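Quick note: the coordinates plus some simple rules give every number you see, no bench work behind them. The structure presented is a predicted model; accordingly, all values stated were derived computationally and were not measured. In this analysis, Cβ positions are derived from the backbone assuming ideal geometry, glycine residues included, and neighbour counts consider all displayed protein chains.
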Amino acid sequence: MASVEVAFGAALTPLFDDEESLVARAVDKRRWEFRAGRHCARLALGELGMSAAPLLSSPDRAPIWPAGIVGSITHTGAGSHAYAAAVVARSDEVRALGLDAELAEPLAEGLWPRVLLPAERAFVDALPEPERGLVAMLHFSAKEAFYKCQYPLTRRFLEFQDVEVRFELERNSFRARLQVAPKNDDFALAGQFAWGDELLVTAVELGV
């Protein structure tokens, strides 16, 4: 497995012509996100011994990874706060990966009922007040990572309330489980998170 991350201002490798055509009409923010994500993915693939090649997108905008590879790309923020990262692995070692990054800002409380299940809301409410919004955002991010991990295998769209997350904050870990039928134990995923001054990053993997 290999991962690469970049922040705004980093030197990025150029896009291939076929990649460039995918964002030719995009606004500057979207162009940076796309280029930075492909830059990270290409360097990570290089760590696995893969040659540089276009990384195109399916109609749903999901990356089309080379044969024998699984991966996930994330980006967040804008301007000087922009960030992108990618993680890749060989498919004979990992079935799927999910990676998500969010700015380390509290999740707006008006979104909590949409994102948090009752047990998750109780967990957040029991924390010291200054931590609650950030931990709510951690739940948001973990569910995004779960979604990215399962989607290449199922092509299934999920709502936030379709996934339950249970955190062990002191261990920087969590478990995420599908809450709607079919409740398949294959998608009870272990994850890790990093919580910094500027970013929250969550990641999950589904083993072979």
Which Cα, out of GLY110, MET137, MET50, lies furthest along the positive dipole direction of the chain (beta carbon charges, K/R +1, D/E -1)? MET50
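How big is D, in µm² s⁻¹, for the chain by Stokes-Einstein at 37 °C and 0.692 mPa s if Rh is the Kirkwood radius over C-alpha pairs? Could the numbers behind the result be given before it?
Details: Rh = 17.7 Å.
The Stokes-Einstein estimate is 186 µm²/s.
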Rounded to the nearest 0.05, what FRET efficiency do GLU131 and ALA188 give with R0 = 45 Å and r taken as the Cβ-Cβ distance? Could you check? 0.95
How far, in degrees from 0 to 90, does helix 28-47 lean away from the longest principal axis of the Cα atoms of the chain, to the nearest 10? 80
Only Lys, Arg, Asp and Glu count, each charged at its Cβ (+1, +1, -1, -1), so figure out the dipole size of the stretch 115-195 about its Cα centre, rounded to 20 debye. 300
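Using only alpha carbon pairs under 8 Å that are at least six residues apart, calculate the relative contact order of the chain and give it in whole percent.
This gives 19 percent for the chain.
Quick check for me: using +1 on Lys/Arg Cβ and -1 on Asp/Glu Cβ, what's the dipole size of the chain about its Cα centre, in debye to the nearest 20?
520
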How much length is gained on full extension from ALA122 to ALA11, taking 0.36 nm per residue of separation minus their Cα-Cα distance? 35.6 nm
Helix 129-154: inclination vs the chain longest Cα principal axis, degrees, rounded to 10, gives 50
Mean residue ellipticity (222 nm) of the chain, computed from DSSP H runs ≥ 4 via -39,500 (n - 2.57), nearest 500: -9500 deg cm²/dmol
